[in-house]
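To start, the structure itself, in structure tokens.
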Amino acid sequence: AYSEPGYVCLNELIKAKANVVAVYTHQDDPDEEIWFHSVYDLAKQNNIPVFRPKKIDEETAQYIKQLKPELIFSFYYRRLIPNEIILMPRLGS
């Protein structure tokens, strides 16, 4: 999740008391005007593990696999999510 769409959607999941087991977001680009709320800060404030990898590598994929997600949402995430992760959740992505 990233930017305002990611923040709003994560906030709604938190308000709905969804079991959010992890959040992946981006590091802010210092050359970009940051006008939106921080997904990273929202996750931290709600004690949700949050990660900002430069890319989704094999180590990241293995960690996500360990979480056994039932559902994956992507809200304005800027990187390509590998098929092995997209196909992982029981209820879909």
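General observations
- Segment 39-61 - residue that is at pLDDT 95 or above and farther than 10 Å from Y24 by Cα and, of those, surrounded by the fewest Cβ atoms within 10 Å (Cβ to Cβ): N47
- Any chance A22 is in contact with an Asp or Glu (Cβ under 9 Å, 6 or more places away or on another chain) and free of Cβ contacts under 8 Å to residues at least 60 places away in the same chain: no
- Number of residues in segment 20-38 that are β-branched (V, I, T), more than 19 Å from L91 (Cα to Cα) and surrounded by 13 or more Cβ atoms within 10 Å (Cβ to Cβ) equals 1.
The values are calculated or read from the model by the stated rules, or taken from the named source; none is laboratory data. As the structure is a prediction and not an experimental result, all values here were calculated from the model. Here the Cβ is made from the backbone with ideal geometry for all residues, glycine too, and neighbour counts use every protein chain on show.
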